[in-house]
Amino acid sequence: MADTKEDKDMTATADVAETAKTVAAEKTADKPTGKTTEKSADNAIPERLPKILIVDDDPRLRDLLRRYLGENGFSVNVADGAQNMDRLWLRERFDALVLDLMMPGEDGLQILRRLRSAKDTTPILMLTARGDPVDRILGLELGADDYVPKPCPPRELVARIRAILRRSKTSEFGRGPLVVGPLSIDMAQRTVTLFGQPVTLTGTELSLLEMLAHQVGQPVAKSEIYPRVLGRPMGRYDRAIDVHISSIRHKLAELNPDAISIESIRGVGYQLVVHTPAA
């Protein structure tokens, strides 16, 4: 039976209350002890804060997350839906998008599909209803980098955002592209090519493919992939990496279905296999 508007309102209220309770508990735990620390030099140049856009139709949750993320080192903008999000998207460049899936009008999945169809690779973190694995899997298939179930512990949300930002940063300056047969992965430029043709990957997909390419022909365990690529341990019944692998396979096969494959190793993980000799 479909949820009524009253059911959804009650769920949203419970989510906000639970999140607010967690925020209060974390603030109490993090209260200063009275000790002082030295401030940095007055002439130090402050780092640019990562810019995050939160899109959620619930004003209470939106404001709660905006304040919490702001207190934890992020510059935060908020939007209540697709229309206001688009205005901000055209005007500013964001480092990551936190996107609620259940919204009136154009919902989160439709927004996600639209952005990825336009080859926009901005890291996207989904906020999903707890116990709704279908939407989570569909979101990952459409190109989301990760998800957090609602009600979400704000500290976990911060950790997940930082993890996807680390994956999206250029961290390989001074190193040339990683070349595996016809596949070239340039982490400095955040680009992938197959036979010289560009392959558009999300930040998570790029990190995952690079990890497999570094161990080409060797099985890589899922237990190693999750903390390295997603910044968290593998959960029970967690299919996030499986979905990302499926997306990479599809994108590579669109250019050449026979050159590169990612094989599933039962009970272990995956391995990258080159079927075309290096040029």
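Structure shown: which of Lys51/Lys119; Lys150/Lys251; Lys119/Lys150; Lys51/Lys222 lie over 24 Å apart, alpha-carbon to alpha-carbon? Display every interim value, and only then the final one.
On the way: Lys51/Lys119 20 Å; Lys150/Lys251 31 Å; Lys119/Lys150 28 Å; Lys51/Lys222 31 Å.
Result: Lys150/Lys251; Lys119/Lys150; Lys51/Lys222 exceed 24 Å.
Send over the per residue convex hull volume for the stretch 178-274, Cα only, as a whole number of Å³. Intermediate results must be reported in sequence, preceding the final value.
Values: hull volume 8.5 nm³, N = 97.
Hull volume over Cα atoms, normalised by residue count, gives 88 Å³.
May I ask you to compute the full-extension gain from Val274 to Ser117, defined as 0.36 nm times their residue separation minus their alpha-carbon distance, rounded to one decimal in nm? Working shown, then result.
On the way: separation 157, 0.36 × 157 = 56.52 nm, distance 2.79 nm.
Once the chain is fully extended between Val274 and Ser117, it gains 53.7 nm.
Test of understanding: extend the Cα→C-beta vector of Glu254 to 7 Å, then name every residue of the stretch 80-121 with backbone N under 17 Å from that spot.
Once the point is set 7 Å along Cα→Cβ of Glu254, 112-121 turn out to lie under 17 Å by backbone N, inside the stretch 80-121.
Could you give the length gained by full extension between Ser264 and Arg67, i.e. 0.36 nm per residue of separation minus their alpha carbon distance, to one decimal place? Intermediate values should be presented prior to the final figure.
Working: separation 197, 0.36 × 197 = 70.92 nm, distance 4.26 nm.
Additional length available on full extension: 66.7 nm.
Determine the dipole magnitude for the stretch 178-274: charges of +1 sit on the beta-carbon of Lys and Arg, -1 on that of Asp and Glu, nothing else is charged, the reference point is the Cα centre, and the result goes in debye to the nearest 20. Show your work: numbers first, answer last.
Details: 9 positive and 9 negative charges, 66 e Å.
Here the stretch 178-274 has a charge dipole of around 320 debye.
Note the full-extension length gain between Arg87 and Ile137 as 0.36 nm times their separation in residues minus their Cα-Cα distance, in nm to one decimal.
Values: separation 50, 0.36 × 50 = 18.00 nm, distance 2.83 nm.
Gain on stretching Arg87 to Ile137: 15.2 nm.
Read the figures in this text as sums done on the coordinates, not as results from a lab. Source: prediction; values computed, not measured. Cβ atoms come from the backbone with ideal geometry, glycine included; neighbour counts cover every protein chain shown.
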